Structures are given as C-alpha cells and as structure tokens.
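Data block below; observations after.
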Amino acid sequence: MPERVTEPPPPAAAPSDQEEFVLPEPIVPTESRRAFLGRGAAAVAASALAGSVASAAAPREAQAQSRAPYGALIERLGQRAEWKDLDLRLLRRVTMGMTAADVTAIKSLGFDRYLEEQLNPGTIDDSAADTRIHSRYPQFFYTQAELLARDSTYWQDVVGASNRAIVERAAFSRRQLQERMTEFWSDHFNIAQATPRLVDYRDVVQRHALGNFGDMVRASMRSPAMLIYLDQVWSTKWGVNENYARELMELHTVGWNGGYTQADVHEFARVLTGWTIDNNRNFQYRADYHDFNAKTVMGMTFPARTPAGGTAGMDEAINFGEYLIAHPATARFIATKLLKWFLRPDPSSAQVNAVAAAYTTTKGDIKAMLRVILTPNNLANAPAKLKRPFHYYVSALRATGVSVDPWTDWTNWEGIGGALWDLAHQHFQWPTPDGYPDRAEYWAGLMVNRWNAVSSIVGNWGQVGQYPRFAASSYMATPTATAIVSEINRRMFGGEMTVALSGELTRWLQVNPNSQSRVQSAVYYAACSPEFQYY
C-alpha cells in the first residue's frame with residue numbers, strides 16, 4: 001500500500017533534481033464505508049473534543065483580550081498580505097477561492113457592481129449549479145419525513161452524498177458570497193451530526209444566509225434539529241433544561257457578555273418550556289409542557305397566567321426572542337464575528353460600532369452589514385487570513401480547474417467530501433455548539449493533511465468521479481516554463497503570485513516544460529505554497 005506524503009518536496013531544490021516527483025497515491029479504506037465513517041467520526045470527535053476544551057473557553061478569553069498578536073502569527077506562518085489589487089482583495093474575501101473567471105468578472109463590473117451582485121444572489125444565474133446538485137445528489141433534498149424513514153441507514157444513504165453536494169456547490173456555484181455566508185452561519189448555529197441537521201442546514205442557514213438575521217434566529221428557534229441538539233425537547237415545567245436557553249443567548253444573540261446572569265438563563269429556560277417536536281420530528285408547541293408561573297428574564301416580566309391549551313404561553317418565548325434580536329449587545333456580537341470572518345481577528349471599536357449601527361438601523365439586514373465591512377479601505381488594511389481546511393480544499397478545486405464527475409457508489413470511499421475527514425473539517429462534526437473555530441492558531445497545523453488533500457485533487461487518484469480529474473495539458477498551450485508559470489499565476493493567483501514562488505516554479509519547469517507530470521507537480525507545489533494557504 002503506498003504511503004501518503006510525510007513532507008513535501010521543496011520546489012526550491014527542484015532545478016538540480018532531474019527526477020520528477022510523483023504525486024502520492026491514495027490510501028483507500030478496505031473496511032466498509034460505515035465502519036470507516038464511524039471510526040472517522042470517533043477520531044474527529046476525539047480531536048474536536050480536545051479542541052473544544054479550549055474552544056469552549058475561547059470566546060470569553062478572546063473577548064477579554066485586547067488586539068490579538070496576529071501579525072506575529074502571520075510572521076511565524078510565513079505569509080504577509082502583499083496583494084495590491086483591491087478588486088482581487090475583495091474576490092479573496094467573498095469567494096471560496098478566486099478563479100480566472102472571477103477576475104475577469106470583477107474587472108468587467110468593477111468593485112461596487114461585483115459586490116452588489118454577490119450581495120443579491122437571486123440576480124445571478126446559478127441554474128448550472130442547481131441542476132448539478134439536484135441531478136447528482138437528490139439525497140441532499142430529502143424532506144424531514146424521507147430522512148426519518150432512512151434513520152437506520154442515514155450514514156450509508158445520506159451523509160456521503162450530502163457532504164459531496166455541499167462541497168460541489170461551494171466549488172461550482174456562481175453565488176460565492178452566499179457560500180461564504182452559509183459556512184459562517186453553519187458554525188454560528190452549529191448542530192453536530194443528527195438526522196434533521198440537513199433540513200436545518202437548508203431551511204435555516206442556506207435560506208437566510210444573506211437575508212435578515214432576525215429571520216434566521218426565528219427559524220432556528222423552530223428548528224427540530226436545534227431543539228434536539230440542545231436538549232430543548234427534554235425541557236418541561238416538571239424538569240427545566242437550560243442548555244438551549246443559555247446557547248441562544250451566549251452563542252446565537254447577545255454573546256457571553258450580553259448582560260445576563262445565571263438566573264436569567266434559568267428563567268429563559270422556563271419561558272421556553274413547551275417548545276419541542278412531535279413524533280415526526282416537526283416543530284411543535286406543547287402548552288401542557290409550559291410553565292405558566294411568573295417569570296423575569298433580563299428585566300422583562302412575564303406575569304403568572306392561567307394554564308390553557310393550544311399555543312397559550314408560546315408568545316412568551318417569541319417576545320423574548322424579539323428582545324434578544326433587537327438587543328444592542330446582539331448587534332455588537334454579530335458585527336464583531338462578521339468582521340473577524342471577513343477582515344481580521346482584531347477589529348477596531350470603530351469598525352464594530354459602524355457594523356453594529358448598520359444592524360440596528362436595518363433591524364438585522366445582513367447585506368447592510370456586509371456593505372459596511374467590505375469597503376475598499378477595510379480590505380486594503382486587512383491582513384491575510386489563513387484559509388480553514390474546507391475553504392482551502394474548495395479553493396484548490398476552483399483554482400486548479402479540475403473536473404469533478406458524478407459519484408454514486410456510496411458503499412465505497414468517496415474522496416471529495418471524504419477529504420474533509422482527513423482535514424478534520426467535515427460538515428456537522430464539531431461536537432460543541434460554538435462551531436468550528438475561526439482562529440488561525442487553531443488551524444495552523446494540519447499542513448501535511450493539506451498537502452495530501454491537494455494531491456488528491458490534482459493526482460488523478462482512484463476511479464472517475466471518486467476523485468477530481470486534472471489535465472496538465474490545459475496549462476501547456478505554450479510549453480515553456482515562463483508561459484506555464486504565467487498560466488498558473490493567472491488561474492490560481494489572479495496574477496499576484498510572488499516573485500519568489502514564480503522563480504521556484506520556473507526553475508522546476510525549466511528542466512522539461514513538455515513533461516505533463518512536471519507541470520502537474522508545479523500546480524501541486526503552487527497549491528501547497530504558503531501564499532495559497534491565505535486569502
């Protein structure tokens with residue numbers, strides 16, 4: 001069995017090395033997919049659990065810190081933001097990895113029109129991506145009832161196809177900003193793997209990703225997957241469970257420093273009693289579960305009422321949910337997280353105030369906040385951000401120009417959605433409700449895993465459809481080292497490849513620019529380079 005890369009061959013050493021590097025072959029699991037996924041899930045859970053210890057405390061610690069020493073981290077990781085073109089800076093932030101076609105589009109439309117188009121995804125014809133996902137992966141669109149019917153075969157029948165659908169949409173949709181926001185909100189409203197999670201992902205996260213934040217909170221409060229995940233379905237007047245009430249305040253709205261106390265958490269949990277699901281895993285309010293006694297949460301009082309049926313008492317949580325959505329602390333909490341997602345880990349007070357003001361003025365309009373964040377000045381002063389593994393993998397799919405054929409053998413290993421297991425960034429597998437970290441410190445390792453992932457993208461591994469297909473010939477219209485490096489630069493770096501990387505790749509290709517395997521390796525090296533790790 002061939003082994004994976006343990007360390008990459010340095011391109012700088014290539015000119016004196018006449019032997020061509022052969023991309024490593026995949027390790028294909030020999031056990032059943034179910035057993036492999038189960039083992040993978042356990043490994044991810046274990047590693048994530050270790051991470052979650054720090055993660056659970058991280059929001060509090062991070063908020064308590066002053067400006068983070070991010071510049072020092074960038075120095076250690078070996079990349080500075082030296083990109084000069086503002087259009088390309090915007091592309092890097094609003095896409096899952098810019099392509100040559102993206103560069104052409106923004107140069108044609110200009111900064112403002114391109115951003116407005118991405119902010120209004122309904123104006124972008126995405127029928128090709130829609131057709132692709134619907135025809136290839138119907139499992140992604142299963143209804144709640146269809147998922148419930150497949151409960152015992154969920155891992156075999158649904159998980160692989162759904163993960164593949166998410167990766168392919170992220171890579172091939174023209175609505176790239178919507179994909180970035182879907183990833184952001186998927187972590188903000190994180191739910192670890194559970195059968196109804198897919199419905200939540202579609203109906204809560206995707207649907208409202210560029211809509212109104214309040215609408216997303218309202219939808220999430222009625223999400224069966226969320227109510228199951230955070231134990232709300234077990235909370236009744238006879239036994240209050242505080243889990244969902246706490247996270248709805250701490251992680252979804254006002255934040256850990258939003259001005260509530262432990263007593264408020266308990267009182268809010270009493271307000272939420274009765275919010276549950278029925279036997280078909282649809283949202284249901286049960287008045288007979290509700291606590292009709294007097295309650296006070298963050299100064300809002302709910303007088304004692306006579307118990308009744310129907311939806312009596314449901315209005316209490318609805319009203320307090322609206323209070324949380326409109327709270328100034330929510331505006332600041334969401335503004336801060338969005339600034340960190342798009343710009344930098346240490347946004348200034350002025351930046352936070354400006355975005356929070358947009359939230360308040362527009363009552364939570366996400367587009368309005370993004371217009372304040374994605375300004376030329378903010379982008380010009382933003383340091384490079386390390387791509388998280390999902391972002392990195394998808395950006396390599398997009399930039400290298402590989403083809404991804406359909407795959408239907410879900411009893412066998414699938415190497416595209418499956419690659420995210422090895423990158424410890426598989427969908428719906430972060431066990432705690434705070435979502436995968438958005439901190440470079442957390443993701444700064446895993447470099448060998450990243451290089452292996454790129455090898456699986458351009459290495460033409462496995463069967464057609466199991467892994468992407470790469471054609472070196474598409475880079476060799478003019479088979480000279482200079483021309484091929486120029487083509488790599490155009491496709492993968494928007495023409496902003498560093499002189500150092502250009503020189504290294506040129507020296508590598510000068511040995512034999514007519515060799516497809518050498519060109520294949522050059523693309524591999526480019527995708528493994530420090531500057532491709534950032535955006």
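The values are calculated or read from the model by the stated rules, or taken from the named source; none is laboratory data. The shown structure was predicted, so the numbers you read here are calculated from the model rather than taken from an experiment. Ideal geometry is used to build each Cβ from the backbone, glycine not excepted, and the neighbour counts take in all protein chains shown. Protein only, heavy atoms only, side chains kept; ligands, DNA and RNA dropped before computing areas. Shrake-Rupley method; radii C 1.70, N 1.55, O 1.52, S 1.80 Å.
Over 21 Å between Cα atoms, which of Lys340/Lys385; Lys84/Lys387; Lys337/Lys385; Lys107/Lys340 qualify? Spell out each step's value before the answer.
Values: Lys340/Lys385 10 Å; Lys84/Lys387 19 Å; Lys337/Lys385 14 Å; Lys107/Lys340 27 Å.
Flagged as over cut-off: Lys107/Lys340.
Rolling a 1.4 Å probe across the protein heavy atoms gives region 325-376 an accessible surface of 35 Å² per residue.
If R0 is 35 Å, what FRET efficiency do you get for Ile318 and Ala145 from their C-beta distance, rounded to 0.05? Please list the in-between numbers first.
Details: r = 26 Å, r/R0 = 0.75.
Calculated value: 0.85.
What net charge do the residues around Thr99 carry, taking every other residue with its C-beta under 12 Å from that of Thr99, with Lys and Arg at +1 and Asp and Glu at -1? All intermediate terms of the calculation are to be shown ahead of the outcome.
Numbers: positive: Arg92, Arg174, Arg398, Arg490, Arg491; negative: Asp102.
Its environment carries a net charge of +4.
Using a cut-off of 16 Å between alpha-carbon atoms, which aspartates and glutamates can reach Lys363, once sequence neighbours fewer than 8 places away in the same chain are excluded? The reachable aspartates and glutamates, counting only those whose Cα sits under 16 Å from Lys363, are Asp215, Glu322. Rounded to the nearest 10 square angstrom, Lys237 shows an accessible area of 90 square angstrom against a 1.4 Å probe. Between region 469-515 and region 86-108, the alpha-carbon centres lie 20 Å apart. Remark: C-alpha extents of region 151-296 on the principal axes read 53, 37, 19 Å, sorted largest to smallest.
Excluding same-chain neighbours fewer than eight residues apart, the lysines reachable from Lys295 by a Cα-Cα span under 20 Å are Lys237. Peptide packing for 243-255, 452-464 was compared via the average number of neighbouring C-beta atoms within 10 Å per residue; ordered from the highest value, the list is 243-255, 452-464.
Here the label points at Arg469 and Asn381, each 7 Å from Cα along the C-beta direction, are separated by 4.9 nm in the simple model. With a Förster radius of 41 Å applied to the beta-carbon distance between Glu496 and Asn279, the computed FRET efficiency rounds to 0.15. Between Trp234 and Ala350, the simple spin-label model (points 7 angstrom out along Cα→Cβ) gives 5.0 nm. Other residues lying with their Cβ under 14 Å from the Cβ of Met300 contribute a combined charge of -3, Lys and Arg counting +1, Asp and Glu -1.
Sequence-distant or interchain residues sharing an amide H contact under 5 Å with Trp275, placed H: which? Those qualifying (amide H under 5 Å, at least 5 residues apart or on another chain) are Arg286. In this label model, His134 and Ala483 are separated by 4.2 nm, measuring between points 7 Å along each Cα→Cβ vector.
Taking a 1.4 Å probe, which of Lys387, Lys363 shows the most accessible area, and what order do the others take after it?
Numbers: Lys387 10, Lys363 155 Å².
The most accessible residue leads, giving Lys363, Lys387.
With contacts taken as Cα pairs under 8 Å and at least 6 residues apart, region 332-437 reaches a relative contact order of 19 percent. When the P(r) is computed for region 118-159, the part past 14 Å accounts for 58% of the Cα-Cα pairs. If you take the Cα centroid of region 432-460 and the Cα centroid of region 285-357, the two points sit 34 Å apart.
How much net charge surrounds Pro376 when only the other residues with a Cβ under 13 Å from the Cβ of Pro376 are counted, with Lys and Arg +1 and Asp and Glu -1? Mind dumping the intermediate values first?
On the way: positive: Lys84, Arg89, Arg93, Arg371; negative: Asp85, Asp87, Asp112.
That works out to +1.
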